[in-house]
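Report on the structure given below.
The values are calculated or read from the model by the stated rules, or taken from the named source; none is laboratory data. Bear in mind the structure is a predicted one, so any value in this text is a computation, not a measurement. Using ideal geometry, Cβ is built from the backbone for each residue, glycine included, and neighbour counts are taken over all protein chains shown.
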Amino acid sequence: MLDPRTPKPPSARFTLVRLCLALALVLAGAAVARAEDVVAYEVEGQADAAGADARTAALDDAFAHATERALAELVPAEARKAHRADLDREIVARARLWVAKFSVGKDGTDDGRRELAVSVRIDRDKLRTRLAELGINDADAPPVPAGTPPPSGARARSVAVLLRVARPGGVVADFGPDAVADAPGVAALTGALRAAGMTVKRAPAGGAPPRPAGDLPLDDDEADALAGSAKAELALVAGVIVSPPTQVRGVAGPAALVIAHVRLVQRGDHRVIGEGAASVALQGDDEAHAIDRALAAAVADVVPPPAHEAHVAAAFHGDDTPIAEAGVVLVRMSPRTPYALVVAEQKYLTGAKGVRAATLRRLSPGGWVLGVATSESVERVAQLAKKAPSSDTQVTVKVVGEVVELDLSGTP
């Protein structure tokens, strides 16, 4: 004769619901076990539209920009400057390794260039691991927080961009007797400075001409005079050198090196606020874009990148009652219960008479939940749980519906 207390076998539909719930609990447990540091950066990527795979090249460019932004937040400026070659080779050049997810918002072509607006989610934990392997993350000074706003009531400081680009075909600058207002790289520097909260002043068409050679086109006195003519408080002196194309082993076609140096100086006392340098490999005829990338990386050592919004998860509201199942009695403990006590209770119940197993089911706003596999009733499991798992632990037990509510305090 069938014992009326024997639970009925679950239906196929109920079994499917249990499987789905178990999968959700496993995924939720994984999220609790490791809070990933994944940050989204809104960046743009560009590439020559006539290239073999322009969209992929533009994505790679966007990934590189996002990685530079993350590095600027994780690594102090002095450390970035000291390890620039390693960062370019091991981090920026392998930007796809740090991308957890991305989405393309805008995809178009303008003036022969494929342009993408991309939201790139960078896994900063992976970045930290690689930085630790390279020995770069142990800097003395903490990095400047991204997009740190000026003090309350402070006004934006004005800066004059004094840029020279020296390439095999000649020298062009945005200042001096032969100034070109839209010289390559001016737009990239202007955008970075405005994003950092500065007001950009146009460089004067006059004064000292740029030096055709050397890292920077002006000394501090000359930069001070030009910034004064532009009515700016600061002078950003930038020099770009584009090397002649040369054959590189393992690369189809010639390649060139684009090297950028920047120096931000305060007028009057010539106090150096920051210096930066970066290099970018150039292959093909995409020179303007390579200059932009080199300058953007170099100026990131001087001014912080724009702030990004931190999205805070909403708190849970609603019914958090665990779902019972046949052959399992649920034991719930307060979310404030130390994990060591939870484990001690789990071990104790696992060895109790009539219990086949006790497993940790989940951690939710309602507390820790143990699933006790047994043929005993919920009242019997409550009696078992009344015994403390250790001599230094106090226990309070009550049964609420089909759930044993357990309050543990003390030490395991």
Check on Leu370, assigned by TED's automatic domain parsing to the domain that holds Pro322, free of Cβ contacts under 8 Å to residues at least 60 places away in the same chain and either touching a Phe, Trp or Tyr at 6+ places or on another chain (Cβ under 7 Å) or under 21 Å from Ala324 (Cβ atoms) (or both) | yes
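Between Arg13, Arg84, Arg89, which is at pLDDT below 90 and under 30 Å from Val328 (Cα atoms)?
Within the list Arg13, Arg84, Arg89, the selection yields Arg13.
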Taking the residues in the range 355-385 that are loosely packed, with under 12 Cβ neighbours inside 10 Å and outside any helix (DSSP H, G or I) as candidates, determine which candidate is modelled with the highest pLDDT.
-> Arg356
Inspect all residues belonging to the range 211-228 and state whether any of them is at positive phi, part of a loop (DSSP other than H, G, I, E, B) and surrounded by fewer than 18 Cβ atoms within 10 Å (Cβ to Cβ).
-> yes
Can you name the residue in the range 118-131 that is within 11 Å of Phe63 (Cα to Cα) and either modelled with pLDDT under 90 or not aliphatic (A, V, I, L, M) (or both) and is also surrounded by the fewest Cβ atoms within 10 Å (Cβ to Cβ) among such residues?
-> Ser119
Residues of the range 37-53 being part of a strand (DSSP E or B), hydrophobic (A, V, I, L, M, F, W, C) and within 16 Å of His289 (Cβ to Cβ), in sequence order, are Val43, Ala47
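Each row is one residue, and each column tells you yes or no for (1) in a strand (DSSP E or B); (2) closer than 19 Å to Leu234 by Cβ.
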| position | (1), (2) |
| --- | --- |
| Pro244 | no, no |
| Leu257 | yes, no |
| His270 | no, yes |
| Ile273 | yes, yes |
| Gly276 | yes, yes |
| Ala281 | yes, no |
| Asp292 | no, no |
| Leu295 | no, yes |
| Ala298 | no, yes |
Filter the range 45-63 down to residues that are more than 16 Å from Leu97 (Cα to Cα), among the acidic types (Asp, Glu) and without any contact (Cβ under 8 Å) to a residue 60 or more places away in the chain, then give me how many there are.
-> 1
Identify all residues within the range 373-412 that are touching a residue at least 12 places away in the same chain (Cβ under 8 Å), closer than 17 Å to Tyr348 by Cα and basic (Lys, Arg); write none if there are none.
-> Arg380, Lys387
Do we find that Ala187 is in the same structural domain as Ala290 (by TED's automatic domain parsing), part of a helix (DSSP H, G or I) and free of Cβ contacts under 8 Å to residues at least 40 places away in the same chain in this structure?
-> no
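Table: residues versus (1) farther than 21 Å from Ala183 by Cβ; (2) touching a Gly at 6+ places or on another chain (Cβ under 8 Å).
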residue	(1), (2)
Asp215	no, yes
Asp219	no, no
Glu222	no, yes
Leu226	no, yes
Val237	no, no
Ile241	no, no
Ala255	yes, no
Val262	no, yes
Gly274	yes, no
Members of the range 188-226 that are hydrophobic (A, V, I, L, M, F, W, C), farther than 17 Å from Ile273 by Cβ and at pLDDT below 85 = Ala205, Ala208
With the condition kept exactly as written, say whether any residue in the range 230-244 is buried (at least 21 other Cβ atoms within 10 Å of the Cβ), free of Cβ contacts under 8 Å to residues at least 40 places away in the same chain and within 28 Å of the chain's Cα centre (by Cα).
-> no
